[in-house]
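The values are calculated or read from the model by the stated rules, or taken from the named source; none is laboratory data. No experiment lies behind these values; they were computed from the predicted model shown. Cβ coordinates were reconstructed from backbone atoms using ideal geometry, including for glycine residues, and neighbour counts include every protein chain displayed. Note: areas computed on protein heavy atoms with side chains; ligands, DNA, RNA excluded. Shrake-Rupley method; radii C 1.70, N 1.55, O 1.52, S 1.80 Å.
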Amino acid sequence: MVGLGAMPGYGIQSMLKEGHRHLSGLEEAVLKNIDACRELSAITRTSLGPNGMNKMVINHLDKLFVTNDAATIVNELEVQHPAAKILVLAGRAQQEEIGDGANLTISFAGELLEKAEELIRMGLHPSEIIIGYTKAINKTIEILEDLVEKGSENMDVRNKEEVVLRMRSAVASKQFGQEDILCPLVADACMQVCPKNPANFNVDNVRVAKLVGGGLHNSTVVRGMVLKNDAVGSIKRAEKAKIAVFAGGVDTSATETKGTVLIHSAEQLENYAKTEEAKVEELIKAVADSGAKVIVSGAAVGDMALHFCERYKLMVLKVSSKFELRRFCRTTGAVAILKLSQPNADELGYADSVSVEEIGGARVTVIKNEEGGNSVATVVLRGSTDSILDDLERAVDDGVNTYKSMCRDSRIIPGAAATEIELAKRLKEFSLKETGLDQYAIAKFAESFEMVPRTISENAGLNAMEIISSLYAEHAAGNTKVGIDLEEGVCKDVSVLKIWDLYVTKFFALKYSADAVCTVLRVDQIIMAKPAGGPRRDAQPGGGMDED
């Protein structure tokens, strides 16, 4: 006879495992999802814009992050709620596609869902809201095309002035007030490594070396690489040097099998040691004879090998990370050789200078390659603490990603919330022409754009209502380029302030937001088939089922 524990339930309980959870309907599923997403966007929203506040996030490994970079914040939070995860994925997609605008994606999606909740409580069905939002995002993309600055599609990616102009807003949103120092540094580094066809620009070719001490004004760009370790031997400098890279390390080669050597006299022992020495010397001499002045090892450097490297005036560097080793080969044009042997001429790399320098108490090896063209450039950042340096690195990362985006599409649109207010104004006009119930959703979509000027104003301590109403007044009068001047707290023409956003950044941020919101609104049931924690009640300690 089967135990009573196996009695089937009724309804959905009869179909799923014991311990499942099932939420359905507007109140339980849709509004709960919206609530979770709203909480997430409330976290990132206060970090939007140049005056955005920093968040202190301590992740599961006890690592501390102090940043206003939304992508870092949501990645380290490890969001568990399935609906909020959709927003996180939208932000991550934006970060991977463009490298900037993740905050706008998440915050705008949160605002759209908040407006959707108002509509649901008014009696609209989620599918009507989705239809309205889809029409609205399509219209938004049309309007965005209109707002593009004339002539901005033709751009020379090697013109520093134009590059800095497009990079300013991305860097300023992370490090407000520092953009005039950071942008030229990032622009220099990017232009140095930009290939003949800018569409092939590789973000990985711009490296960042963070050295504690000094200030941001001490930061520089090195055409080449900066390794954060000292040279192994006593030789600390080499000019116009050929370089041999050994991935397997510079040491006596150990055999695969264990062998036993019987030595009968002191003379034999001496000869045995000498043979080993002679073998190592022969290998090192072969490397020196090939013309190399620098040896780079991907693993350990043996004492005996180091002794002979010193004798033959070879500089020895150790690069333990295989990724760094790969970048080193790209910088110098070397080929990594697996084991210590004489390199061929075409396997050797070249650098103008390899030198050990002391920067702020830390010894670093600087590999310069002025003639090498587009290999690798390094931005050497200086700052007082590790947290500041990490945040500066994120700003540089955003700048480099923006450069990559402008290599593909250099069109710009007005920044400082000028674009958002213009979109809000035109979408409201569009909603009045619609006849169905979706006009309410389009009107709410238009209203959601006010989130950007409102948040930027609030984060800067300005009166948001005053700013938004004066922006609407200016745009109604036909001044489509009027945005917020945060320093004076008034509305001004952004073309005078030189605040521009990249068209592609805004395009993808709004598109990903709308897609994520429609995905969340389409959900009307949440079914968790697994138990909500702890062992299953029907599981026996022995692993068997109920017995007859």
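Per this entry, Leu306 is not counted among residues that are closer than 20 Å to Lys242 by Cα and open to solvent by less than 20 Å² (accessible area, probe 1.4 Å).
Just checking, does the range 407-427 include any residue being open to solvent by 40 Å² or more (accessible area, probe 1.4 Å) and aliphatic (A, V, I, L, M)? Within the range 407-427, none of the residues are open to solvent by 40 Å² or more (accessible area, probe 1.4 Å) and aliphatic (A, V, I, L, M). Kindly check whether there is at least one residue in the range 223-238 that is within 30 Å of Gln175 (Cβ to Cβ), modelled with pLDDT under 80, open to solvent by 40 Å² or more (accessible area, probe 1.4 Å) and out of contact with any helix residue (DSSP H, G or I) (no Cβ under 6 Å at 6 or more places or on another chain). Yes: the range 223-238 contains one or more residues that are within 30 Å of Gln175 (Cβ to Cβ), modelled with pLDDT under 80, open to solvent by 40 Å² or more (accessible area, probe 1.4 Å) and out of contact with any helix residue (DSSP H, G or I) (no Cβ under 6 Å at 6 or more places or on another chain). Per this entry, Phe328 is counted among residues that are touching a strand residue (DSSP E or B) at 6+ places or on another chain (Cβ under 8 Å), surrounded by 14 or more Cβ atoms within 10 Å (Cβ to Cβ), of a type in the set (Phe, Trp, Tyr) and in a helix (DSSP H, G or I). All told, Lys313 meets the bar of being over 33 Å from the mean Cα position of the chain (by Cα), at pLDDT 75 or above, part of a loop (DSSP other than H, G, I, E, B) and surrounded by fewer than 19 Cβ atoms within 10 Å (Cβ to Cβ). Contact map, the range 446-467: residues that are in contact (Cβ under 8 Å) with a residue 24 or more places away in the chain paired with residues that are buried (at least 17 other Cβ atoms within 10 Å of the Cβ) and among the basic types (Lys, Arg), Cβ distance under 6 Å, separation 6+ or inter-chain. Pairs shown: Ser448/Lys115; Thr455/Arg45.
Listed by first and then second residue, the pairs linking a residue in the range 157-186 that is under 17 Å from Asp100 (Cα atoms) to a residue that is of a type in the set (Asp, Glu) and outside any helix (DSSP H, G or I), with Cβ atoms under 6 Å apart and 6 or more places separating them unless they lie on different chains, are Ser169/Asp501; Ala170/Asp100. Being touching a helix residue (DSSP H, G or I) at 6+ places or on another chain (Cβ under 7 Å), within 30 Å of Thr480 (Cβ to Cβ) and not β-branched (Val, Ile, Thr) holds for only one residue in Leu182, Leu165, Leu124, Leu216, and it is Leu182. Filtering the range 63-108 to residues that are in a loop (DSSP other than H, G, I, E, B), acidic (Asp, Glu) and under 22 Å from Thr140 (Cα atoms) leaves only Asp100. Answer with yes or no whether Phe430 is open to solvent by 20 Å² or more (accessible area, probe 1.4 Å) and either part of a helix (DSSP H, G or I) or among the polar types (S, T, N, Q) (or both). So Phe430 passes the test. On the given criteria, is Glu458 in contact with a helix residue (DSSP H, G or I) (Cβ under 8 Å, 6 or more places away or on another chain) and under 18 Å from Ala514 (Cα atoms)? For Glu458, the condition - in contact with a helix residue (DSSP H, G or I) (Cβ under 8 Å, 6 or more places away or on another chain) and under 18 Å from Ala514 (Cα atoms) - is not met. For the range 36-55, name all the residues that are farther than 21 Å from Gly177 by Cβ and crowded, with 16+ Cβ neighbours inside 10 Å. Passing the criteria: Ala36, Cys37, Arg38, Leu40, Ser41, Ile43, Thr44, Arg45. Restricting to the range 147-177, name every residue that is outside any helix (DSSP H, G or I) and open to solvent by less than 40 Å² (accessible area, probe 1.4 Å). Selection gives Val148, Ser152, Met155, Val157, Ser173, Lys174, Gln175.
Ser387 meets the stated requirement of being over 30 Å from Cys491 (Cβ atoms), part of a helix (DSSP H, G or I), of a type outside the set (Phe, Trp, Tyr) and open to solvent by 10 Å² or more (accessible area, probe 1.4 Å).
Here Val212 passes the criteria (1) buried (at least 17 other Cβ atoms within 10 Å of the Cβ); (2) not assigned by the TED database to the domain that holds Ala286 except the one numbered (1). When the criteria are applied in full, Ile58 fails the requirement of being open to solvent by less than 70 Å² (accessible area, probe 1.4 Å) and at pLDDT 85 or above.
Could you please find all residues in the range 482-507 being out of contact with any Cys (no Cβ under 9 Å at 6 or more places or on another chain) and either closer than 25 Å to Val30 by Cα or in a strand (DSSP E or B) (or both)? Scanning the range 482-507 gives Val490, Cys491, Lys492, Asp493, Trp500, Asp501, Leu502. A single member of Gly360, Gly372 is surrounded by 16 or more Cβ atoms within 10 Å (Cβ to Cβ) and at pLDDT below 75, and it is Gly372.
For the range 195-209, filtering for residues that are at pLDDT 80 or above, closer than 16 Å to Ser405 by Cα and crowded, with 18+ Cβ neighbours inside 10 Å leaves 3. When the range 334-360 is filtered for residues that are under 30 Å from Val212 (Cα atoms) and part of a loop (DSSP other than H, G, I, E, B), only Gly360 remains. Evaluated against (1) surrounded by fewer than 16 Cβ atoms within 10 Å (Cβ to Cβ); (2) part of a helix (DSSP H, G or I), Glu111 falls short on exactly one condition, (1).
From the list Val232, Val203, Val245, Val250, the lone residue that is farther than 30 Å from Glu276 by Cα and not polar (S, T, N, Q) is Val203. Only a single item in (1) out of contact with any strand residue (DSSP E or B) (no Cβ under 6 Å at 6 or more places or on another chain); (2) within 30 Å of Arg223 (Cβ to Cβ); (3) open to solvent by less than 90 Å² (accessible area, probe 1.4 Å); (4) of a type outside the set (D, E, K, R) is not met by Leu338, and it is number (3).
Would you call Asp188 under 22 Å from the mean Cα position of the chain (by Cα) and acidic (Asp, Glu)? Yes; evaluated as a whole, the condition is true for this residue. Screening the candidates Ser297, Ser290 for the property of being within 22 Å of Ala345 (Cα to Cα), surrounded by fewer than 17 Cβ atoms within 10 Å (Cβ to Cβ) and either of a type in the set (A, V, I, L, M) or touching a strand residue (DSSP E or B) at 6+ places or on another chain (Cβ under 8 Å) (or both) yields one hit, Ser290.
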